[in-house]
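Reading through the structure tokens given below for one structure.
The values are calculated or read from the model by the stated rules, or taken from the named source; none is laboratory data. Quantities reported herein were computed from a predicted structural model and do not represent experimental measurements. Ideal geometry is used to build each Cβ from the backbone, glycine not excepted, and the neighbour counts take in all protein chains shown. Only protein heavy atoms, including side chains, enter the accessible area calculation; ligands, DNA and RNA are left aside. Shrake-Rupley method; radii C 1.70, N 1.55, O 1.52, S 1.80 Å.
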Amino acid sequence: LQAVRTTPTDVPLRIVGETDYLTTELIEKLGKTEDIGWLNKVNKGPLMALVNTLRQRGAPTTIRKANTREDVKAITVARKEARLARQNQNTQTQTDTSLNPAFQVTGVRLSVLTQKLAYQHIRERKKTETRQSTQRNITKITEHAQGQLGMNLEAEDVWRGIRHRDIRRNIADFLWKCTHNAHKCGAFWETIPGYEERGTCQICGVTDSMDHILTKCKAPGQKLIWAMTGNLWEKKKLKWSKPVIEDILTVGSRTWTHESGSMKRRPRAERLWRILVTEAAFLIWKLRCERVIAHSDDIDWCPTKAAIRSRWIRVVNERLHLDMAMTHRRFGRKALKRNEVLGTWQNTLRDELALPEDWTM
């Protein structure tokens, strides 16, 4: 940027870089980047200033990657001179990234504007602070993933995992609210006068938190659903342990390898894990809401074990049939691959040997 600004605008300029980064960003991707308003662009400030400065030039400017020995030697010399200059400076100076409005393309091109893109720009401008409860949950999740699962997850990985394509949209919303601690249960009611009793589980007598509801509550449903889920999962010849709340919230990022000790991943098993755990957790939540809200006038009401089993089987079967339907070619590129569906449900179906080789059709 400094080299471009110190070069007279009527003198030809040749820029040679170590990589294709500038060629890609300033030539190949520039149009698309400006169309979406430089959204989520790495090095956004310096790149915008560089483009703005280049547009003010009247002489030809060429950009390419170093491809000769002379180019490499020149870059090496320039790097040494820059290092010496930094060492000789007593104070560190920041690069001026100011823009000339006359040469700056602002906003988003209307032809590419979508609701999602507009919302992302609004979020970027607002710069909302992370809620304390959200930060606490994210910290617990990442620490659990590192300590118990051996996975180094960042906050972005957690949010991206919740929005995984294998997780149904309404369940993804449910998990998103869990991570934000936004569900109206447990401690939410403790600060509302006259409604404090709603924050206590009527079965267990403890705070009715999401962790308690999904993994610890003694009310009919939670224990049985996880047991049935575990039985189905073990048909994949993988070890089962009842998930804790952190396991549920990292379901989209969890990886599984072969039990033999091989580090080779099992993507089909990972997909089944995402489906089973999220569907089971969401069913437990729905059963709890039916008991606490829909039958609030009958404290002793609880679903029978037979009803719970039927609900769980129906949920899994509905998801299986959804996978089968999503392999149809009418969905084009969004269609699921048949091998992906077959591998996901392999060894989990009743009378599987009697089924045709491709039972998705």
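Couple of notes before you dig in:
- Within a straight-line Cα-Cα reach of under 20 Å, residue 32 can be paired with the following lysines, leaving aside sequence neighbours fewer than 8 residues apart in one chain: 41, 44, 116.
- Annotation for the range 5-68 versus the range 325-340: alpha-carbon center distance of 41 Å.
- The translational diffusion coefficient of the range 285-329, from Stokes-Einstein at 4 °C and 1.567 mPa s with a Kirkwood hydrodynamic radius over alpha carbon pairs, comes to 104 µm²/s.
- The range 161-293 shape via C-alpha gyration tensor axes, a/c threshold 1.5: prolate
- Each Lys and Arg contributes +1 and each Asp and Glu -1, all at the Cβ; summed about the Cα centre of the range 1-52, the dipole is approximately 140 debye.
- Theoretical gain in end-to-end length, residue 165 to residue 73 [0.36 nm per residue, Cα-Cα removed]: 28.3 nm
- Projected label distance in nm at residue 87 and residue 244, using a 7 Å step from Cα toward the beta-carbon: 5.1 nm
- Rotationally averaged projected area of the range 99-213 (alpha carbon convex hull; nm²): 12.4 nm²
- Relative protection proxy for 242-252, 346-356, from highest mean packing down: 242-252, 346-356 (other beta-carbon atoms within 10 angstrom).
- Based on protein heavy atoms only, the chain ends up with 65 Å² per residue of surface accessible to a 1.4 Å probe.
- Here the range 45-148 has 49 percent of its accessible surface on carbon and sulfur atoms, given a 1.4 Å probe and all protein chains in place.
- Magnitude of the charge dipole, the chain, Cβ model with Lys/Arg +1 and Asp/Glu -1, debye to 20: 800 debye
- Shape category assigned to the range 14-157 from the gyration tensor of Cα positions, a/c cut at 1.5: oblate
- Rounded percent of accessible protein surface that carbon and sulfur make up, the range 241-361, 1.4 Å probe: 53 percent
- If R0 equals 30 Å, the separation of the Cβ atoms of residue 19 and residue 120 corresponds to a calculated FRET efficiency of about 0.60.
- Computed from Cα positions, the angle between helix 222-233 and the longest principal axis of the chain comes to roughly 70 degrees.
- Of the labelled figures (1) 49, 39, 16; (2) 53, 27, 21; (3) 36, 28, 24, only one reflects semi-axes √(5λ) of the Cα gyration tensor in Å as derived from the coordinates, namely (2).
- Restraint check, 140/235; 236/305; 126/334; 140/184, Cα-Cα greater than 23 Å: 140/235; 236/305; 126/334
- Protein-only accessible surface order, largest first, of 180, 328 at 1.4 Å: 328, 180
- Under a 5 Å amide H cut-off, with hydrogens placed 1.01 Å from N, residue 17 pairs with 64, 65, 66 among residues at least 5 apart or on other chains.
- Positive-pole candidate from 202, 219, 230, dipole of the range 197-242, charges at beta carbon: 230
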